[in-house]
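Notes to accompany the following structure.
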Amino acid sequence: MIFLKMLGSLALLMFGMKSMSEALQKMAGSPLRHVLGAMTTNRVTGVLAGVFVTAAVQSSTATTLMTVSFVNAGLMTLLQAISVIMGAHIGTTVTAWVMSLGFACDVVPYVFIALFFAIVLIYIKSRRILGDFLFGASFLFLGLGTLKDTGFSLMQDPQTAALLTHYFEVFNDTGFWNTLFFLLMGTILTLCVQSSAAIMAITMVLCCTGVLHIEQGIMLVLGENIGTTITANIVAARANIQARRAAFAHFVVNLIGVTLALLAFRPFFSIVCQLSGYDAALSPSDARFALSTSVVLAMFHTLFNVANTLLLLPFVQYIERFVCWVVQPKKVDEEEDFRLHFIQSGLMKTPELSVLEAQKEIRSFSDRMQLMFSMVRELLTEKNEQTFDKVFHRIAKYEDLSDNMEIEIARYLDQVGDAHLSDDTKGKIRAMLREISELESIGDSCYKMARTLQRKVQGKQHHFTEQQYDHIHQMMELTDQALSQMTALLGGRKEAYDMNRTLNIEHEINNYRNQLKSQNIIDINNHQYTYAVGTIYMDLINECEKLGDYVVNVVEARMGGKKQ
């Protein structure tokens, strides 16, 4: 029962940490993203940005994901991203100090007061996120306090204490193999649990109850630093090249730091003990032992990451070169690579960050649909039959791609929608679902035009006049302008976008379509071309006009307007 109680308290701690981090990111996610984008002019400000953002949201994973998103969008270089990741290592040490506070005093009685205020705030719509934060913090300290009390009660039983002491007695030496064992244990446990905070809590309980020596606890902390980077690399294995490089840089930086810490362990450990005022003569029965031990672990975690960052910061460009040399881009044919590039599943993310990823994926969706339309324009003038077939098959593949992207992005947004979302985020998800539906319709229109042109080629007697070619080219040029406006909006800030430009192009397309429709009837009656040619001709014109309508719908969805 004690073992199950410890597992339950650990689960409560992990849930509280996750809930608190999500609430913090909801409260300050968007401003922090702007801070992260602005404070990366050089490596020093990049580190400061990483420290600030990670300390604010209590999640180095969230900071890393935001950083990767900026790299993918071209707003941040990999060099800048590495410095931000280094800063995130320092910012995440705040978690250890929060846990140390739980060992410094008994906060469990105050947790229930906080839970009362949290439930009141949750029912106040404007204060709901603050209530979520209080719930998360309360569960965190409740789980930590229960875990601590369970550990101490376990050691108060003489038989259990004797058994654990005997079992761990083999690990109380400081030999090489013993050090390596705890380093690997810290790595493996973090890899299995996928939470360095949870393993840090277990480490503090084991050390504060006297089960483990403080040096073994520090080895577990070093192993946690490696384990959390391996998790990111496993998840990023199927992601884009920049995500893989950022994750690998995360691993390289921590691996170098752990190696240096092992080489200089004795002097470094002495410095930590002096700064924290640790007294090695204290016994586990002493009331000061738990607080002193938890402070040493938190202090070591902080100084390790600070020292590692200061040592490696001058060599960031060499780390970047090494990472780029190791992680090479995969040689994949663009038409065969139907994977999503920005949406990455597996990592624990908040809905706010998930929405950011989905927005970038929709921008990629838009780019591909505009490329698909350019292929249709290429078909119009292609005379070589083999080249025509090759381009047509590419368009057919892109049509499949548009279907797949719509389904995958919609499924991802549905998963995000299952979380507790702010009203603003719910509105963004509804708009994005409409956007991907309209983008898929653009792909359908492009494919219909390609099939129409294929029907024209197969009917050897179907030939456009020079005037018809000029009209089609002009209509396609207007349509391409509308697509360019849409893509610019999806990749930028809607506050800086003038929707009248898209509406003006749409009106011009509609007027031109009506003009050509009337002229087509006159030209057929005058026997300038056959009725069959006129039908194919107007199919292309009408499809361009429909495509323009889909563009307007995408723009209105992003701008928050109503569907026309």
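The values are calculated or read from the model by the stated rules, or taken from the named source; none is laboratory data. Predicted model, so just to flag it, every value in this text is computed and none were measured. Please note: Cβ atoms are built from the backbone with ideal geometry, for glycine as well, and neighbour counts cover all protein chains shown. Protein only, heavy atoms only, side chains kept; ligands, DNA and RNA dropped before computing areas. Shrake-Rupley method; radii C 1.70, N 1.55, O 1.52, S 1.80 Å.
Taking label points 7 Å from Cα along the Cα-to-Cβ direction, M499 and N384 give a separation of 4.6 nm. Taken over the Cα atoms of segment 444-564, the convex hull encloses 96 Å³ per residue. Using a probe of 1.4 Å, the accessible surface attributed to W97 totals some 90 Å² when neighbouring protein chains are kept in position. When only the Cβ of Lys, Arg, Asp and Glu is charged (+1, +1, -1, -1), the dipole of segment 354-406 relative to its Cα centre reaches about 220 debye.
Once the Cα-Cα distance is subtracted from the 0.36 nm per residue extended length, the E466 to D403 segment shows a gain of 19.2 nm.
With every protein chain in place and a 1.4 angstrom probe, the accessible-area ranking of E320, E385, largest first, reads E385, E320.
Protection proxy ranking of 404-417, 356-369, by the mean of other Cβ atoms within 10 Å over each peptide's residues and highest first, is 356-369, 404-417. Spin-label model, F315 to L184: label points 7 Å out along the Cα-to-beta-carbon direction sit 2.6 nm apart. Computed from Cα atoms alone, the Kirkwood hydrodynamic radius reported for segment 366-506 is 17.1 Å. Within the full protein context, the accessible area of S126 is estimated at about 90 Å² for a probe radius of 1.4 Å.
Calculated FRET efficiency, S283 to R430, Cβ-Cβ distance, R0 = 41 Å: about 0.10 to the nearest 0.05. Take segment 470-564 with all the other protein chains still there, run a 1.4 Å probe, and you get 50 Å² of accessible area per residue.
Rounded to 0.05, the FRET efficiency of the A488 and A410 pair, given R0 = 22 Å and the Cβ-Cβ distance, is 0.40. Cα extents for segment 385-461 along the principal axes, largest to smallest and rounded to whole angstrom: 60, 16, 12.
Full extension of the chain segment joining R455 with K517 gains 20.3 nm, where the gain is 0.36 nm per residue of separation less the Cα-Cα distance. Projecting label points 7 angstrom from Cα along Cα→Cβ for H473 and L263 puts them 6.7 nm apart.
The simple Förster model, with R0 at 41 Å and r as the Cβ-Cβ distance, assigns M1 and W97 a FRET efficiency of 0.85.
In the context of the full protein assembly, Y110 retains an accessible surface of approximately 150 Å², using a probe radius of 1.4 Å and ignoring ligands and nucleic acids. Whenever you get a sec, compute what percent of the accessible area on segment 458-506 sits on carbon and sulfur atoms (1.4 Å probe). After summing per-atom areas, the C and S share lands at 47 percent. Here the gap between V306 and T530, fully extended at 0.36 nm per residue and compared with their Cα-Cα distance, gives a gain of 72.8 nm.
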